[in-house]
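Novice: The structure follows.
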Amino acid sequence: MDPIFSFRSGPKAYWISFKMTVPLLQAHGLTAKFNLGGGHHNGHHRHRHHHHEAEAEAADFLKLFVFGDSYADTGNWPKSTAAICWKNPYGMTFPGKPSGRFSDGRILTDYLASFLGTSSPMPYNNWLKISEESKLEYQYGLNFAHGGTGVFTTLVNGPNMTTQINVFQQLVQEEEVYSSQNMSSSFALVSVAGNDYAAYLAKSGTTEDLPAFTKSIMSQLILDLQRIHGLGVRKVGITAMPPLGCLPQMSASISHKNCSETGNSLAKFHNQVLQENIEKLNNETGAPAFMILDLYKAFMSALNIRNNHPGNSTFEEQLSPCCVGSAEGYSCGSVNNIGIKKYIVCEDPKQSFFWDDIHPSQQGWEAVYSALKPSLQNLFN
């Protein structure tokens, strides 16, 4: 089955229908708690009676806006769909049931939010369902990311980066949910492009044309990042491509013993082009408004990869996923036509870096966050 996503223009009409198969922890100077669904900053809850009062108070709080794919999505796929992120055993570690995250627990978005000293931003699809008064009270950012999407249209016919930013733009410029006055302490996380390559290769794209495709991704991505910054976001963090060759999906053919050199070479090339473009963009902007979150280096560090081979690390299972299908044609979260589960979960997800064929486990993301953490201080520069 191919995923299906219907999108009608405008935030009020961000309604979704799917079929799906595809598809930071110490706070910065503050004590923060993980809050599923994006609670109020540090537990403060103020009842606001007037829109202008809400806007004035909102200026005091940091905001995190999130765009991209399943490495950042915390629940934008509706529960009513067949999305795996709403199926058991996803969410078994946190919060103890499926939460719309593509993992057993917390993901990159949650760790970054906690580092910044704020709650994980509410998924936009959840925000639409709350009362108008609550929307005014909720001024701490939003998560627009949707698993499976990319810079361009991918195998998931969902809201690509352009569409996600269009929704954000409407909230800023037309509905004035956010304004330039209360965006001085704002950050964005952008996690995107892996699904673009997956779609390109699935549609019989050639390796010879990959450099040209990378450049087309980069051209659009830079426009996207400029738009986010232009809407008032002070600092934009963009993820580097992780080592694609180390994903279980890629290492399965060699029994998860080594990473695929082909996949990692593609990631390294993408990251080189990304680095060049971000340096150029910061020079043009006249300030370090854009920074790369180096997932490639963080994954390799967490897994202690040398020459595409994992060395000793804190994970017993480094390249093998914790959750897998129990028979051919099934994957993590699969059930058969009479509801019998057709997947196997490892005994202890904390011992596995990867949760499924593509996504890290909560423990994996925590290790990635630990590797990223020294560089995250640059978000405040």
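Novice: Please specify each residue of region 165-203 satisfying the condition of being among the β-branched types (V, I, T) and modelled with pLDDT of 95 or more. Talk me through it step by step, then tell me what you get.
Specialist: At the first step, the residues of region 165-203 found to be among the β-branched types (V, I, T) are 165, 167, 172, 177, 190, 192.
Those that are among the β-branched types (V, I, T) and modelled with pLDDT of 95 or more: I165, V167, V190, V192.
Novice: Filter region 223-271 down to the residues that are hydroxyl-bearing (S, T, Y) and under 22 Å from F67 (Cβ atoms) and list them by number.
Specialist: Of the residues in region 223-271, the ones hydroxyl-bearing (S, T, Y) are 239, 251, 253, 255, 260, 262, 265.
Correct list: T239 only.
Novice: Next question, about the same structure. Condition first: part of a helix (DSSP H, G or I) and open to solvent by 10 Å² or more (accessible area, probe 1.4 Å). Now tell me which residues in region 165-178 satisfy that.
Specialist: From region 165-178, those part of a helix (DSSP H, G or I) are 165-174; that's our starting set.
Within region 165-178, N166, Q169, Q170, V172, Q173, E174 qualify.
Novice: Anything in region 96-135 that is β-branched (V, I, T) and modelled with pLDDT of 95 or more? List them, or say none.
Specialist: Taking region 96-135 as the starting set, the residues that turn out to be β-branched (V, I, T) are 107, 109, 118, 130.
Across region 96-135, the qualifying residues are I107, T109.
Novice: Suppose the filter is buried (at least 18 other Cβ atoms within 10 Å of the Cβ), at pLDDT below 95 and closer than 30 Å to G230 by Cα; does L274 pass it? If you could, list the steps in order and put the result at the bottom.
Specialist: On the way: buried (at least 18 other Cβ atoms within 10 Å of the Cβ): yes; at pLDDT below 95: no; closer than 30 Å to G230 by Cα: yes.
No, not satisfied.
Novice: Pull up region 295-306, narrow it to residues that are out of contact with any Pro (no Cβ under 6 Å at 6 or more places or on another chain) and surrounded by 21 or more Cβ atoms within 10 Å (Cβ to Cβ), then point me to the one that is farthest from S265 (Cα to Cα).
Specialist: Applying the filter and picking the extreme gives A302.
Novice: Here's another thing I want to ask about it. Take the residues in region 105-132 that are within 23 Å of K79 (Cβ to Cβ) and of a type in the set (F, W, Y); name whichever of them is nearest to the chain's Cα centre (by Cα). Walk me through how you get there before you give the answer.
Specialist: Going through region 105-132, the residues within 23 Å of K79 (Cβ to Cβ) turn out to be 105-110, 113, 119-132.
Filter again for of a type in the set (F, W, Y), leaving 124, 127.
On the way: Y124: 13, W127: 18 Å.
Taking the candidates together, the pick is Y124.
Novice: Output the strands (runs of 3 or more DSSP E) that fall wholly within region 307-354 and possess 1 or more residues being small (G, A, S) and open to solvent by 20 Å² or more (accessible area, probe 1.4 Å), or say none.
Specialist: Numbers: elements: 317-321, 323-325, 343-345, 352-354.
Result: 317-321, 323-325.
Novice: Pull up region 117-135, narrow it to residues that are of a type outside the set (D, E, K, R) and open to solvent by 10 Å² or more (accessible area, probe 1.4 Å), then point me to the one that is nearest to P374 (Cα to Cα). Working first, answer last.
Specialist: Of the residues in region 117-135, the ones of a type outside the set (D, E, K, R) are 117-128, 130-131, 134.
Retained after the next criterion (residues that are open to solvent by 10 Å² or more (accessible area, probe 1.4 Å)): 122, 126, 128, 130-131, 134.
Values: M122: 26, N126: 32, L128: 35, I130: 37, S131: 39, S134: 36 Å.
The selected residue is M122.
Novice: Another question, if that's okay. Can you tell me which residue among T149, T162, T206 is among the β-branched types (V, I, T), open to solvent by 10 Å² or more (accessible area, probe 1.4 Å) and modelled with pLDDT of 95 or more?
Specialist: On the way: T149 fails: open to solvent by 10 Å² or more (accessible area, probe 1.4 Å); T206 fails: modelled with pLDDT of 95 or more.
Going through T149, T162, T206 in turn, the sole match is T162.
Novice: Name, by its number, the condition in (1) farther than 19 Å from T239 by Cβ; (2) of a type outside the set (D, E, K, R); (3) open to solvent by 10 Å² or more (accessible area, probe 1.4 Å); (4) in a loop (DSSP other than H, G, I, E, B) that does not hold for Y90.
Specialist: In the conditions (1) farther than 19 Å from T239 by Cβ; (2) of a type outside the set (D, E, K, R); (3) open to solvent by 10 Å² or more (accessible area, probe 1.4 Å); (4) in a loop (DSSP other than H, G, I, E, B), Y90 misses (3) alone.
Novice: Something else about it: Looking at this structure, is M218 at pLDDT 95 or above, part of a loop (DSSP other than H, G, I, E, B) and either over 17 Å from the mean Cα position of the chain (by Cα) or surrounded by 21 or more Cβ atoms within 10 Å (Cβ to Cβ) (or both)? First the steps, then the outcome.
Specialist: Details: at pLDDT 95 or above: yes; part of a loop (DSSP other than H, G, I, E, B): no; either over 17 Å from the mean Cα position of the chain (by Cα) or surrounded by 21 or more Cβ atoms within 10 Å (Cβ to Cβ) (or both): yes.
When the stated conditions are applied, M218 does not pass them.
Novice: So which residues in region 256-271 are modelled with pLDDT under 95 and open to solvent by 80 Å² or more (accessible area, probe 1.4 Å)?
Specialist: Those that are modelled with pLDDT under 95 and open to solvent by 80 Å² or more (accessible area, probe 1.4 Å): K257, E261, T262.
Novice: Does region 277-291 include one or more residues that are crowded, with 20+ Cβ neighbours inside 10 Å, touching a helix residue (DSSP H, G or I) at 6+ places or on another chain (Cβ under 9 Å) and not aliphatic (A, V, I, L, M)?
Specialist: yes
The values are calculated or read from the model by the stated rules, or taken from the named source; none is laboratory data. Quick caveat: nothing in here was measured; it's all calculated off a predicted structure. Ideal geometry is used to build each Cβ from the backbone, glycine not excepted, and the neighbour counts take in all protein chains shown. Note: accessible area is taken over every heavy atom of the protein model, side chains too, but ligands, DNA and RNA are not part of it. Shrake-Rupley method; radii C 1.70, N 1.55, O 1.52, S 1.80 Å.
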